[in-house]
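The values are calculated or read from the model by the stated rules, or taken from the named source; none is laboratory data. Remember, predicted model here, so these are calculated numbers, not experimental data. Here Cβ is always computed from backbone atoms with ideal geometry, including for glycine, and neighbour counts include all displayed protein chains.
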Amino acid sequence: MSEALIPNIESFIANIDPFSRLPEALLQKVSATIKIVYLAKGEVIPPPSSEQDNYLFIVKTGAIEQRCVDGSLRGRLEEDDVFGFSLFSNSEARYQIEAIDNTLLYLVPAKTIYYIQSQYPEYAQHFTAKPEDRIDSALESTWSDSSQNSFFNRVEQVASEQFVQVNSDDSIAQAAKVMRDNDASCLIVKANNQLVGIVTCTDLIGRVIAEEKNTQSPVSEVMSTLPCTISPKASVFDAAICMMENNIQNLPIVEQGKVLGLLSLNQLFQNQRIEAIYLINKIKKSTSENKLAEHMPERDRIFQALVNDKVPADLITTILSTIMDAVNQRLIDIAIDRLGPVPCEFSWVVSGSHARKEAHILSDQDSAIILSNEATTKDKVYFRHLAMVVTKGLDLCGYELCPGKFMAVTAKWCQPLSVWQAYFKKWIRNPEYECLLNLSVFLDTRVIYGNNQYRTTLVNEFKEMLSSRIFLSKLIRDAVENRAPLGIFHNLVLSKNEHNEKTLNIKRYGINIIVDLARIYALSAKSDACNTTDRLMAVNKAGLMDDATLKNILSAYNFLKNFRFSYQVDMINKGEVPSSQINPDYFGSFERKHIKDAFRLIDDWQQYTKMRFS
Amino acid sequence: MFSLFKKTNRWDELTIKRAECLKSTLPYEVELNLSQPLVDKNTLFKALPFLVVDFETTGFESNSNDIISMGWVEIVNMQIDLERKQHFYISNSQQINHETAVINQIVPQMIQNNGIPLEEAINKLLNDSKDKILVVHGKVIEKNFLDFHAQKFLGIPELPLMWIDTMKIEEWKTAKTGGNTISQDNRLSAVRKRYNLPQYTAHNALIDSVGTAELLLAQIAHMYRDRHVTLETLYEMSQ
């Protein structure tokens with residue numbers, strides 16, 4: 001039966017996820033087991049009585065509504081939507097299906113699903129009863145096809161073991177000859193068989209030729225000492241971040257003190273040029289705000305390229321955060337050059353998504369300065385000026401001013417450590433609305449310049465108070481105010497209260513719910529982690545969250561973040577301003593299905609957490 | 001001799017015709033089909049096993065045109081079951097009219113390679129439908145071609161089968177609701193459109209039988225919300 005006998009049905013389900021993933025021959029087999037039913041508007045399908053009566057349902061025409069046993073709305077589904085996965089698991093409550101329009105339903109029998117799962121294990125994941133597994137498989141096939149994405153390879157898989165080396169007392173000329181003869185652009189320098197430095201072509205130009213240095217001098221005088229190194233077991237991702245953060249293009253691969261190889265930027269991304277590192281290099285060399293700003297369109301191009309290359313969202317946000325760090329740090333240097341040396345110790349603190357290393361292209365600036373307690377009134381004026389230069393510079397570079405004025409340029413947020421301690425004390429004791437808002441901003445902080453100790457002092461001092469049950473119950477009240485919607489129906493966002501919204505704010509009603517709850521859990525676990533994924537992992541490690549929940553939430557979180565980025569890039573390509581407000585027209589049946597799963601996981605977790613901390 | 005039974009209803013009439021035919025020597029499948037007692041006329045729609053059939057032909061005239069293909073699908077418990085379906089090309093079609101072939105997306109090679117003799121296909125149809133109610137959209141063509149075959153090869157005046165006709169049901173419904181039965185387009189795709197059933201671009205005998213099956217389910221759902229309708233009523237509507 002090679003010829004399609006019911007091409008209308010086969011071609012229909014061939015476009016419906018997850019059937020769209022099946023090969024044609026299997027698709028024909030699946031089609032041949034379908035049953036078709038017709039429901040007039042208002043008719044109800046009773047919950048299946050036995051496992052034999054279980055089906056996956058595909059809405060061919062019309063629309064249906066799902067209601068839980070208690071009568072609450074569970075979801076609405078329209079043409080091309082698939083439902084019934086959860087009917088295959090006994091864990092989930094059964095629900096009632098009612099046609100809210102005249103509806104033609106295709107029913108795929110349970111035995112067909114079991115057949116696919118047993119005979120074609122490679123497709124089983126797409127048909128699982130667990131929404132988190134379905135999201136994972138959707139994520140995998142949509143955003144992180146490991147074959148085309150080398151980020152998760154290990155360093156030893158991509159690096160060459162060939163490298164050249166000299167001794168630290170060899171002359172510069174000898175080193176240059178070794179490089180020439182081996183066609184190498186980077187050289188390992190050893191002393192007593194230990195790694196002591198590296199020399200690159202750029203070093204020879206900048207430190208030897210330009211300086212007219214005697215080439216008979218020992219190479220140790222021009223090498224970069226104590227270079228960053230990487231373990232052969234580290235991921236390419238880690239190596240890339242290390243290069244970016246340190247603005248270097250060569251990393252010796254070291255295991256137990258022994259040099260095993262040399263990893264260069266070119267090796268890292270043979271197919272995927274990571275322009276971010278070149279951009280950071282340009283940022284570090286920029287001497288004025290205007291020059292910095294000139295480079296910033298490159299940031300948006302990098303973002304688009306990363307999204308188009310299906311790079312996972314957490315990697316993209318790490319890269320965008322690293323770029324933001326570099327711009328911010330460079331601006332502080334520029335300000336110091338202009339205003340004269342800093343009069344006292346300080347730390348420049350970033351907060352919000354930037355602090356969590358979750359920066360995206362719409363991230364605004366959130367910052368603060370913690371000054372030494374010795375700072376004089378005059379010193380404070382200096383730092384307000386410094387903050388002014390940095391804030392304006394960031395704005396010029398496309399990092400918008402924080403509408404809540406959580407910026408170091410605001411006098412209130414440029415204070416000595418003792419004042420910050422008083423702030424925290426007050427906020428924790430009187431968790432009223434405004435205090436909670438301040439707290440939630442400054443609970444996510446990271447020092448990107450200056451003395452790191454001030455922040456650590458603050459964090460450690462209040463760790464106990466912040467993890468108290470009473471305080472957490474106050475925080476949770478705020479974090480459960482927004483609830484994830486049920487899904488998308490007829491191009492509107494369907495919410496729990498059965499009202500419809502015209503656009504989906506994926507940040508407020510999805511991503512931020514996870515970010516806020518992760519913060520609360522992290523406080524409860526007294527974890528210092530700041531990044532949402534790190535926080536969830538730490539909480540799991542501390543025994544406050546089981547493995548299954550961790551997996552669920554990470555799946556939902558990654559799906560929403562990847563989805564938001566894809567949407568934003570599509571908007572940029574259409575010449576529109578990217579935002580987090582998604583027009584439901586954008587959703588096909590694939591997106592509707594998975595976003596519904598993600599929202600359901602988030603909502604379950606939110607309601608559970610509410611009970612737990614209240 | 002049928003004049004003796006003029007007063008009897010259609011049901012008894014059909015029963016008698018079937019008994020008459022069985023007096024002739026018939027192929028096994030034909031005899032098997034006709035010897036089944038008719039399904040109880042008070043059986044409700046929900047419990048009726050249907051076999052929905054469609055023929056693709058080279059034209060309307062059973063004596064000069066040919067059947068190109070046949071397709072059928074069963075309805076069990078008000079579910080169209082694609083596991084229970086058949087589709088055959090007929091190999092002894094004399095010639096395929098070029099236009100028909102284009103419309104039906106059938107090329108002569110398909111028939112030469114995959115076709116079975118007409119008699120075999122009809123016997124399979126009669127076997128599969130022996131304990132089921134036949135459904136068709138516009139019974140004239142299917143009935144005429146089968147009766148022509150019966151006259152020519154079986155020596156009986158017709159094949160006395162019980163036909164439920166979705167086209168007739170649609171006319172009946174229109175007449176009942178005071179609509180204009182003459183000007184209304186009652187071709188399958190037009191009727192399906194009125195019920196908001198999906199438009200299929202591809203056509204073959206099997207797709208159209210599935211399409212007819214969907215239409216029957218929709219028609220009954222709209223006329224009888226509780227599906228409380230007997231076979232007898234359906235049969236009356238189909239005349």
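Quick notes
- You will find that of A:LYS502, A:LYS496, A:LYS426, the residue that is assigned by TED's automatic domain parsing to the domain that holds A:ILE323 and surrounded by fewer than 15 Cβ atoms within 10 Å (Cβ to Cβ) is A:LYS426 and no other.
- Residue list for the range A:451-488, restricted to those being basic (Lys, Arg) and under 17 Å from A:ARG612 (Cβ atoms): A:ARG469, A:LYS474, A:ARG477, A:ARG483
- Residue check for A:ALA25: more than 10 Å from chain B (Cβ to nearest Cβ), modelled with pLDDT of 85 or more, under 40 Å from the mean Cα position of the chain (by Cα) and surrounded by fewer than 17 Cβ atoms within 10 Å (Cβ to Cβ): yes
- Residue selected from the range B:205-239 under the condition among the polar types (S, T, N, Q) and either under 15 Å from the mean Cα position of the chain (by Cα) or on the phi > 0 side of the Ramachandran plot (or both), by the criterion surrounded by the fewest Cβ atoms within 10 Å (Cβ to Cβ): B:GLN239
- Taking the numbered list (1) loosely packed, with under 13 Cβ neighbours inside 10 Å; (2) hydrophobic (A, V, I, L, M, F, W, C); (3) in a strand (DSSP E or B) in turn, A:VAL196 passes all entries but (1).
- Of all residues in the range A:110-129, those that are in contact (Cβ under 8 Å) with a residue 12 or more places away in the chain and over 16 Å from A:LYS35 (Cα atoms) have Cβ atoms under 7 Å from Cβ atoms of residues that are assigned to a loop (DSSP other than H, G, I, E, B) and of a type in the set (S, T, N, Q), 6 or more apart or on another chain, in A:ALA129/A:SER89.
- Residue match in the range B:181-191 (condition: crowded, with 16+ Cβ neighbours inside 10 Å, of a type in the set (D, E, K, R) and at pLDDT 90 or above): no
- Tally of residues being loosely packed, with under 15 Cβ neighbours inside 10 Å and under 15 Å from A:ARG519 (Cα atoms) across the range A:447-463: 1
- Subset tally (residues that are of a type in the set (S, T, N, Q), at pLDDT 75 or above and in a strand (DSSP E or B)) for the range A:155-169: 2
- Scanning the range A:104-133 for residues that are in a helix (DSSP H, G or I), away from chain B (no Cβ under 14 Å) and buried (at least 19 other Cβ atoms within 10 Å of the Cβ) yields A:ILE113, A:ILE116, A:HIS126, A:PHE127, A:PRO131, A:GLU132, A:ASP133.
A quick yes/no check of all residues on (1) closer than 30 Å to B:TYR89 by Cβ; (2) at pLDDT below 90; (3) assigned to a strand (DSSP E or B):
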| site | (1), (2), (3) |
| --- | --- |
| A:ILE16 | yes, yes, no |
| A:SER49 | no, yes, no |
| A:GLY71 | no, yes, no |
| A:LEU77 | no, yes, yes |
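- Taking the range A:186-213 as the range and being farther than 14 Å from A:GLY261 by Cα and in contact (Cβ under 8 Å) with a residue 40 or more places away in the chain as the test, the residues that pass are A:THR200, A:LYS213.
- Residue selected from the range B:39-89 under the condition more than 14 Å from B:ILE141 (Cβ to Cβ) and of a type in the set (Val, Ile, Thr), by the criterion nearest to the other protein chains (Cβ to nearest Cβ): B:ILE80
- The range A:558-589 - residue that is buried (at least 20 other Cβ atoms within 10 Å of the Cβ) and hydroxyl-bearing (Ser, Thr, Tyr) and, of those, nearest to the chain's Cα centre (by Cα): A:TYR567
- Single residue of A:LYS357, A:LYS378 found to be among the charged types (D, E, K, R) and touching a helix residue (DSSP H, G or I) at 6+ places or on another chain (Cβ under 8 Å): A:LYS357
- Identity of the residue in the range B:154-205, closer than 27 Å to B:ASN123 by Cα and assigned to a helix (DSSP H, G or I), that ends up farthest from the other protein chains (Cβ to nearest Cβ): B:LEU154
- Near pairs, Cβ below 8 angstrom, 6+ apart or cross-chain, from the range A:413-435 (within 11 Å of A:LEU458 (Cβ to Cβ)) to any residue that is basic (Lys, Arg) and loosely packed, with under 15 Cβ neighbours inside 10 Å: none
- Criterion: among the hydroxyl-bearing types (Ser, Thr, Tyr), more than 29 Å from A:THR322 (Cβ to Cβ) and out of contact with any Gly (no Cβ under 9 Å at 6 or more places or on another chain) - qualifying residue of A:SER217, A:SER235, A:SER264, A:SER185: A:SER217
- For the range A:392-408, the count of residues that are in contact with a helix residue (DSSP H, G or I) (Cβ under 6 Å, 6 or more places away or on another chain), small (Gly, Ala, Ser), over 15 Å from A:SER347 (Cα atoms) and in a helix (DSSP H, G or I) is at least one.
- Qualifying residue in the range A:5-14 (condition: at the interface with chain B (Cβ under 9 Å from one of its Cβ atoms), assigned to a loop (DSSP other than H, G, I, E, B) and at pLDDT below 85): yes
- Complete set of residues in the range A:84-103 that are more than 14 Å from A:VAL37 (Cβ to Cβ), at pLDDT 70 or above and either not assigned by TED's automatic domain parsing to the domain that holds A:LEU56 or not in a strand (DSSP E or B) (or both): A:PHE85, A:ARG94, A:ILE100, A:ASP101
- Tally of residues being buried (at least 22 other Cβ atoms within 10 Å of the Cβ), of a type in the set (A, V, I, L, M) and within 16 Å of the chain's Cα centre (by Cα) across the range A:312-347: 6
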